[in-house]
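To keep things clear, I will list the structure first and then write my remarks on it.
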Amino acid sequence: MSAGRPTVALIGGTGDLGTGLAMRWVAAGYPVIIGSREAAKAAEAAARLAPPAGMPAPRSLHNAAAAAAADVVVITVPFASHEAILAEIRESVAGKVVIDATVPLVPPRVARVQLPPEDSAAVAAQRALGEAARVVSAFHNVAALKLQKGEPIDCDVLVFGDRPEDREVAIRLAEAAGLRALHAGPLANSVAAEALTSVLIGINRTYKVEGAGIRITGIRPG
């Protein structure tokens, strides 16, 4: 850890969501590792991230090595790659919090809810990684392009996980990225946010907006 901040590995860190989250966490002073199956692509993505003065430069590693070197692992891969990536990192994430942002989108009809047999990608991840991994899910409904712009985002992050202390890890990371995050119950509830992503994609198309999000009302700040 650096100055009390955990080292975060982004598995799929060269994609749009991984890039947006990495930018914000690096800016907040977190040690970040970009994980990818392609070493050159990961190195290029890490080189584009500029840490604050005195903070460690982001690193790049193969997915399994990135997961092994991190305190917290964040999965930001397409659903089509999800199963294979989980198999790659399984041995590297035992005892760690794994934050899965994967949404079960099935092209070309990504605006239609199409849930996996396990009901959610997060539940599938927990089963694939085994009980030694502590899977949490979050960041499903945040527009990647808005994260990359670095501007304030009027959007809440719903965080799901079977242990409140594990959800707190994701909540602190969301807050470091400039977002409000809320405890949303056990991992099984992740199905709601994963399904909502397809709904939001449809709303974006209908109303021609860049990235619709959600806001939970009735909760006082702090």
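Coordinate-derived values only; no laboratory data. None of the values given here were measured: they were computed from a predicted structure. So basically every Cβ, Gly included, is an ideal-geometry build from the backbone, and we count neighbours across all protein chains shown.
Couplings 3J(HN,Hα) of region 199-214, computed from phi: 4, 5, 4, x, 5, 4, 5, 5, 9, 6, 10, 6, x, 5, x, 10 Hz, in residue order, whole Hz [Karplus 6.51 cos²θ - 1.76 cosθ + 1.60, θ = phi - 60°; x for Gly and Pro].
Here the gap between Ala188 and Arg112, fully extended at 0.36 nm per residue and compared with their Cα-Cα distance, gives a gain of 25.3 nm. The string of couplings for region 191-197 from the Karplus curve (6.51, -1.76, 1.60, θ = phi - 60°) is 3, 5, 6, 5, 5, 4, 4 Hz, one whole number per residue in order, with x for Gly and Pro. Take the Cα of Ile214, step 7 Å toward its Cβ, do the same at Lys149, and the gap between the two points is 2.2 nm. Stretching Glu131 away from Tyr207 to a fully extended chain increases their span by 23.1 nm, per 0.36 nm per residue minus the current alpha-carbon distance. Round to a whole angstrom and tell me the spacing of the C-alpha centers of region 35-113 and region 147-222. About 19 Å separates the Cα centre of region 35-113 from the one of region 147-222.
Counting only residues at least eight positions apart within a chain, or on another chain, the aspartates and glutamates with an alpha carbon under 20 Å from that of Lys41 are Asp16, Glu88. Taking the Cα centre of the chain as the origin and placing charges on Cβ (Lys, Arg +1; Asp, Glu -1), which of Ala40, Ile99, Ile89 is farthest toward the positive end of the dipole? Of the candidates, Ala40 comes out farthest on the positive side.
Cα gyration tensor of region 65-222, axes a ≥ b ≥ c as square roots of the eigenvalues: rounded (a/c below 1.5), prolate (a/b > b/c) or oblate?
oblate
Please give me, ordered by residue number, the trypsin sites (Lys or Arg not before Pro) of region 148-222 that lie in loop per DSSP and have at most 16 other Cβ atoms within 10 Å. List each step's numbers first, then the result.
On the way: sites: Lys149, Arg167, Arg172, Arg180, Arg205, Lys208, Arg215; in loops: Lys208, Arg215.
Here the trypsin sites (Lys or Arg not before Pro) that fit, given the DSSP loop and packing criteria, are Lys208, Arg215.
Note on region 8-207: with charges restricted to the Cβ of Lys and Arg (+1) and Asp and Glu (-1), its dipole about the Cα centre is near 420 debye. Here the Karplus relation 6.51 cos²θ - 1.76 cosθ + 1.60, evaluated at θ = phi - 60°, turns the backbone of region 33-45 into coupling constants of 10, 8, x, 7, 7, 10, 4, 5, 5, 5, 5, 5, 5 Hz, with x for every Gly and Pro.
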